[in-house]
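A quick write-up on the structure given underneath.
The values are calculated or read from the model by the stated rules, or taken from the named source; none is laboratory data. Every value quoted in this text rests on a predicted model; they were computed, and no experiment measured them. A quick note on method: Cβ atoms are made from the backbone with ideal geometry, for glycine too, and the neighbour counts reach across all protein chains shown.
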Amino acid sequence: MSYQVLARKWRPKTFGSLVGQDHVVQALSNALTQQRLHHAYLFTGTRGVGKTTLSRILAKSLNCATGITATPCGVCEACQAIDIGRYVDYVEMDAASNRGIADMVSLLEQAIYAPSSGRFKVYMIDEVHMLTKEAFNAMLKTLEEPPAHVKFILATTDPQKVPVTILSRCLQFNLRQMATSTITAHLQDILGQEQITFEPAALQLIARAANGSMRDALSLTDQAIAYGNQSVQEAEVRNMLGAIDQSYLYDLVRTLLQNDAPAMLSIAKQMDERSIGFESALNDLAALLHLLAIAQHSPQAIANDHPERDVLLSLASQLSAEVLQLYYQICILGHRDIGLAPDAYAGFTMTLLRMLAFKTEAMAPSGQPGSGTSGNAVAGGSTSHPSTVTRAAQTPQAMQSTAPSSPSSPGSARAALGLGRSQETAALPPVALSAEPPPALLSPSMADAATASVVIEPSPGHLAEWNGNWRDLVENQLGKLGLARALAQNCELLHYDQNSLTLRLSETHKHLASQNYLEKLNIALNSHFGRKMKLVLDFSHEANTPAKQQAVEKAELQDQATQAIMQDRFVQGLMQEMGATIVPNSIKPLH
């Protein structure tokens, strides 16, 4: 007798033996028991989850000699004939190869005749979404009101392509992808009955590779049995699948923790020599980082029988949550961009090196040196508010010379990946600044209690002669402000004297009052006036700012230009005599 593959040999023959689809089995069993039968069913789901199997079991339940039942006997002529695919009143049609209107018309013409031997004629149309529009239209009426002896079962992996007119005429059941634990348990049961030795870790690899498909898992198990000479061993399954040895991934994480670039590149080189796919390597590394995050926040979620549970918990305890999220984001972006790299090896190694580049002491776990919660991040001093942060004074030249430029600083690392601002650390340049946290960084309760002012203490000196033209100062006289220019342009000068400047910022631009922008503006003002100024920032609903003045002037110029064009005699002549029109927004002022 020829060998029968596991996927066919162990195909479920009853609802009770079908695994992973309890929600569908319960609904169909209750309907059969109560004799509440619909004329059309639609099974949706990915490949290998049981759509055809459910169709055959349902056909047996409808035509079993014992009557309509949720537990067909499996020994009567109808049950046995359906199992081997020879029952005349059960027809399986592949819509991928029989998709035209002629095929559908032929099937519907046969449907009007009574069953030859069974209770019902059951038509199973697989991959129904492949039918043409004309074929769908041909079956609409019959599908809605078929003869009493006909049942339709439709199956598809892509229900979005099925017309809604068809969907509305069917009872729809969505078959879920199998969980890895469900597939592993089923494979253990089958191999136990087949008397095949196996390692549980090997079955977990097969279950993950099957990606939710029980048929794929059984096919891979057949391959593993042949590869391992009647045994299923983890090492052999890894070689067969080309899967990444998990120890490589754990070693990569350890080298990241140790900041050991040579060892990390050596591991990547070994992976390259083993012809391991780096795209799948990044995918598996992201999956490992996800597991580490789970182990960090909820250790009990890692199953006790997980083969690497102890290693996961150990690594999770050595990583801060912030660094872990950073690594995961870099890994996801690296997986997305690996196709743009010169080659897969370069894309993989650059992703790992990027993780090292953004690793700083400030991102270490709390309690370790360099942690963002350490007390040496700020220096104490007299303040004007409990939340004030005070730094030692320096000259403007010293402050400019020590301005941060390294892209590996904590703030730049977080900003590059959209993770928000980190806490200020001692690596930032010392500035004579007493400022409460900007409103954008305050919690609602803190924002309500905080005063709307930022105070920069001055040092003795004399203010250079200045006519108080804030707009001219911002646009023409201040040095390079960078992005802080947006803050200056949206402030209105309320008052100034020998010691201070008072600026008004509207509530709509309150987000511009960040620590970074305030420092840059203060440095530019001190440099211009040759001394330190006391800067008071006041918040209001409206402010007559340089930006607002520019907008008004621009609008006035635009109106003048539009009126000049519309009043031009030549333009008017073109519009009246030739029906010309002016393209909207094409009029631009000359200055």
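Quick notes
- Looking only at residues in the range 484-499 that are of a type in the set (Gly, Ala, Ser) and crowded, with 16+ Cβ neighbours inside 10 Å, the one that is farthest from Val536 (Cα to Cα) is Ala484.
- Residue in the range 208-231 that is surrounded by fewer than 17 Cβ atoms within 10 Å (Cβ to Cβ), under 29 Å from the mean Cα position of the chain (by Cα) and among the charged types (D, E, K, R) present: no
- In summary, Ala114 fulfils each of the numbered conditions (1) out of contact with any strand residue (DSSP E or B) (no Cβ under 9 Å at 6 or more places or on another chain); (2) assigned to a loop (DSSP other than H, G, I, E, B) with the single exception of condition (1).
- Taking residues in the range 148-168 that are touching a residue at least 24 places away in the same chain (Cβ under 8 Å), and partners anywhere that are outside any strand (DSSP E or B) and polar (S, T, N, Q), the pairs with Cβ atoms closer than 9 Å and at least 6 places apart or on different chains are Val150/Thr142; Phe152/Thr142; Ile153/Ser55; Ala155/Thr52; Ala155/Ser55; Thr157/Thr46; Pro163/Asn137; Thr165/Asn137.
- Scan of the range 546-591 for residues that are under 52 Å from the mean Cα position of the chain (by Cα) and of a type in the set (Lys, Arg), ordered by number: Lys548, Lys554, Lys588
- Only a single criterion out of (1) part of a strand (DSSP E or B); (2) farther than 18 Å from Leu54 by Cα; (3) among the basic types (Lys, Arg) is not satisfied by Lys141, namely (1).
- Filter pass, Lys141 being farther than 26 Å from Ala7 by Cβ, out of contact with any strand residue (DSSP E or B) (no Cβ under 7 Å at 6 or more places or on another chain) and assigned by TED's automatic domain parsing to the domain that holds Gly50: yes
- Leading residue by the ranking (surrounded by the most Cβ atoms within 10 Å (Cβ to Cβ)) among those in the range 1-59 that are charged (D, E, K, R) and over 15 Å from Ser213 (Cα atoms): Arg56
- Qualifying residue in the range 189-204 (condition: in contact with a strand residue (DSSP E or B) (Cβ under 8 Å, 6 or more places away or on another chain), surrounded by 15 or more Cβ atoms within 10 Å (Cβ to Cβ) and of a type in the set (D, E, K, R)): yes
- Condition check for Ala135: in the same structural domain as Ile166 (by TED's automatic domain parsing), surrounded by fewer than 19 Cβ atoms within 10 Å (Cβ to Cβ) and among the hydrophobic types (A, V, I, L, M, F, W, C): no
- Count of residues meeting criterion [out of contact with any helix residue (DSSP H, G or I) (no Cβ under 7 Å at 6 or more places or on another chain), closer than 14 Å to Tyr123 by Cα and surrounded by 13 or more Cβ atoms within 10 Å (Cβ to Cβ)] in the range 65-88: 0
- Enumerated helices (runs of 4 or more DSSP H) restricted to the range 504-591, each holding at least 2 residues that are farther than 14 Å from Cys491 by Cα and outside the structural domain of Asp472 (by TED's automatic domain parsing): 546-567, 569-578
- Residue in the range 73-87 that is in a loop (DSSP other than H, G, I, E, B) and farther than 25 Å from Ala148 by Cα present: yes
- Helices (runs of 4 or more DSSP H) within the range 154-262 that include 3 or more residues under 26 Å from Ala316 (Cβ atoms): 180-194, 200-210, 246-258
- If you go through the range 4-46 and keep only what is of a type in the set (Lys, Arg) and touching a helix residue (DSSP H, G or I) at 6+ places or on another chain (Cβ under 7 Å), you end up with Arg11, Lys13.
- For Lys121, the conditions (1) crowded, with 16+ Cβ neighbours inside 10 Å; (2) at pLDDT below 90 are fulfilled apart from (2).
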